[in-house]
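Enquirer: Quick one: structure below, then a few questions.
The values are calculated or read from the model by the stated rules, or taken from the named source; none is laboratory data. Note that the structure is a prediction, hence the values are computed from the model and not measured. Backbone-built Cβ (ideal geometry, glycine too); neighbour counts: all protein chains shown. Surface areas here come from the heavy atoms of the whole protein model, side chains and all, with no ligands, DNA or RNA. Shrake-Rupley method; radii C 1.70, N 1.55, O 1.52, S 1.80 Å.
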Amino acid sequence: MAARVSRKVISVADAAALAQAAADRVLARIAENGGRIAICLTGGSSPKALYELLATDAYRARIPWPRVHWFIGDERFVPSSDSRNNMAVAGATFLDRFAPAANIHPIPTDLVSPGDAAARYEDELKSFYGAASLDPARPLFDLVLMGVGPDGHTASLFPGYPAVDETARWVVGVPKANVEPFVPRISLTLPALASCREMLFEVAGESKRTILTRVLSGENLPASRARSNGETVFLVDAAALAETIRGG
């Protein structure tokens with residue numbers, strides 16, 4: 001796998017164009033791998049339009065569902081029946097209709113604590129990967145989807161939290177969230193998220209302009225520190241893109 005490279009910013013007109021561009025990149029990464037494929041999804045509001053697009057005939061027909069495995073980068077520690085559960089939203093939007101149940105890998109939230117859930121999910125990731133340590137030459141994921149929170153968090157890695165600096169574990173429990181909903185979380189760590197061929201951030205809306213500018217300027221924020229060992233791409237709509245940021 002190639003050495004870590006600088007981030008690329010791709011600008012699009014609006015939220016609809018962003019979802020289409022993201023869907024096209026998902027399909028491109030899938031097409032590059034003729035074997036088992038691993039996609040790491042993200043929660044929050046940013047990917048919903050992408051998930052809806054992947055459920056349309058034009059896109060779902062191009063996904064080799066039996067070969068694609070779906071993971072999640074972070075989860076709220078709420079039951080799978082809760083509307084705040086990230087993987088449940090992805091499931092209801094597209095996964096449950098098309099993906100084999102064995103290929104959907106939610107973070108368990110029915111355990112005693114977020115720490116227990118993190119340990120269980122780390123074990124599952126290691127079993128899937130087939131090793132206890134990550135090899136930069138053999139990525140865990142083909143694609144990792146990411147977002148940028150209003151405070152610069154990504155996944156459930158919040159500014160100033162110890163989880164941001166974790167280097168040994170693949171998954172950690174986060175006892176308290178820095179933003180709504182204020183529920184405990186489980187999150188993949190930066191090294192686990194970095195183990196991918198492509199890390200794709202989706203950023204849309206004028207409300208994200210200020211924080212995106214801070215992230216891309218290199219401020220010490222989790223979303224600034226999140227980088228793929230392969231390619232890191234920020235897919236940004238016009239409303240979120242500051243004039244000082246050049247597209248690519």
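Enquirer: Send over the Kirkwood Rh of the stretch 153-248, from the inverse of the averaged 1/r over different Cα pairs, rounded to one decimal Å. Let's see the in-between values first.
Expert: Working: mean 1/r = 0.0706 Å⁻¹.
14.2 Å is the Kirkwood radius here.
Enquirer: For K8, give me every one of the lysines with a C-alpha distance below 25 angstrom, ignoring sequence neighbours fewer than eight places off in its own chain.
Expert: By straight Cα distance, K8 reaches K48, K208.
Enquirer: Let me know the Rg and Dmax you get for the stretch 1-143 when you use only its Cα atoms, in Å.
Expert: Every Cα atom of the stretch 1-143 included, Rg and Dmax give 15.7, 45 Å.
Enquirer: With charges only on Cβ, +1 for K and R and -1 for D and E, what is the dipole size of the chain about its Cα centre, in debye, rounded to 20?
Expert: Working: 26 positive and 27 negative charges, 89 e Å.
Magnitude of the dipole: close to 420 debye.
Enquirer: Given a 1.4 angstrom probe, what's the average accessible area per residue across the chain, in square angstrom?
Expert: Values: 10570 Å² over 248 residues.
Per residue, the chain has an accessible area of 43 Å².
Enquirer: Starting at the first residue of the stretch 156-166, write each ³J(HN,Hα) from the Karplus equation 6.51 cos²θ - 1.76 cosθ + 1.60 with θ = phi - 60°, in whole Hz, x for Gly and Pro.
Expert: So the Karplus estimates, Gly and Pro as x, are 10, 9, 9, x, x, 7, x, 4, 5, 9, 5 Hz.
Enquirer: Moving on. Report the far tail of the P(r) of the stretch 127-189, meaning the percent of Cα-Cα pairs longer than 15 Å.
Expert: Working: 1119 of 1953 pairs.
That fraction is 57 percent.
Enquirer: Here's another thing I want to ask about it. Could you go through the stretch 219-236 in sequence order and give the Karplus-derived ³J(HN,Hα) for each residue, using 6.51 cos²θ - 1.76 cosθ + 1.60 with θ = phi - 60°, rounded to whole Hz, and x for Gly and Pro?
Expert: For the stretch 219-236, the Karplus-derived couplings read 4, 6, 10, x, 5, 6, 7, 6, 9, 6, 6, x, 10, 10, 10, 9, 9, 10 Hz, x marking Gly and Pro.
Enquirer: To the nearest 20 debye, what is the magnitude of the charge dipole of the stretch 136-248 about its Cα centre, counting +1 on the Cβ of each Lys and Arg and -1 on the Cβ of each Asp and Glu?
Expert: Numbers: 11 positive and 12 negative charges, 53 e Å.
Dipole about the Cα centre, nearest 20: 260 debye.
Enquirer: If I compute solvent accessible area with a 1.4 Å probe over the protein chains, what percent of it on the chain is carbon and sulfur? All intermediate terms of the calculation are to be shown ahead of the outcome.
Expert: Values: 5390 of 10570 Å².
Its accessible area is 51 percent carbon and sulfur atoms.
Enquirer: Give me the Kirkwood hydrodynamic radius of the stretch 100-206 in Å, from all C-alpha pairs, to one decimal place?
Expert: Averaging 1/r across every pair of different Cα atoms and inverting gives 14.7 Å.
Enquirer: Also, I was wondering about something else. Thinking of the chain as a set of Cα atoms, what percent of all their pairs are more than 31 Å apart? Kindly include the intermediate steps, with their values, before the conclusion.
Expert: Numbers: 4800 of 30628 pairs.
Summing the P(r) of the chain above 31 Å gives 16 percent of all pairs.
Enquirer: Please list the non-local residues whose amide H lies under 5 Å from the amide H of K8, H modeled 1.01 Å from N, same-chain partners needing a gap of 5 or more.
Expert: T232, V233, F234
Enquirer: Quick one: compute a quarter of the convex hull surface over the Cα atoms of the stretch 1-71 and quote it in nm².
Expert: Working: hull surface 23.4 nm².
One quarter of the hull surface, i.e. the mean projection, equals 5.8 nm².
Enquirer: State, to one decimal in nm², a quarter of the convex hull surface area for the C-alpha atoms of the stretch 115-158, i.e. the direction-averaged projected area. Intermediate values should be presented prior to the final figure.
Expert: Numbers: hull surface 16.5 nm².
Orientation-averaged projected area of the Cα hull: 4.1 nm².
Enquirer: Residue by residue, what Karplus-based ³J(HN,Hα) values in Hz, rounded to whole numbers, does the stretch 208-215 have, using 6.51, -1.76 and 1.60 with θ = phi - 60° and x for Gly and Pro?
Expert: Running phi through 6.51 cos²θ - 1.76 cosθ + 1.60 with θ = phi - 60° gives 8, 4, 5, 5, 5, 4, 5, 5 Hz.
Enquirer: Same structure, new question: For every other residue with a beta carbon closer than 11 angstrom to the beta carbon of G218, add +1 if it is Lys or Arg and -1 if Asp or Glu, then tell me the sum. Walk me through the numbers on the way to the answer.
Expert: Details: positive: R7, R214, R225; negative: E219.
That sum, taken over residues with Cβ under 11 Å, equals +2.
Enquirer: Okay, moving on. Would you please give the residues with an amide H less than 5 Å from that of F77, counting only those at least 5 places away or on a separate chain, with H modeled from the backbone geometry?
Expert: Here the answer is R185, I186, since their amide H atoms fall under 5 Å of that of F77.
Enquirer: Between the stretch 124-138 and the stretch 191-210, what's the alpha-carbon centroid distance in Å?
Expert: 22
Enquirer: So, by mean Cβ neighbours within 10 angstrom, what's the order for 129-142, 8-21, 75-88 with the highest one leading? Mind showing how you got there, number by number?
Expert: On the way: 129-142: 15.2, 8-21: 17.1, 75-88: 18.6.
Descending mean neighbour count gives 75-88, 8-21, 129-142.
Enquirer: Skipping prolines and chain starts, which residues have an amide H placed within reach, meaning under 5 Å, of the one on V144, given they are 5 or more residues away or on another chain?
Expert: C40, E198, M199, L200
Enquirer: Using +1 on the beta carbon of Lys and Arg, -1 on that of Asp and Glu, and nothing else charged, what's the dipole of the stretch 15-131 about the Cα centre, debye to 20? It would help to have the intermediate numbers written out before the result.
Expert: Numbers: 12 positive and 13 negative charges, 75 e Å.
In total the dipole reaches around 360 debye.
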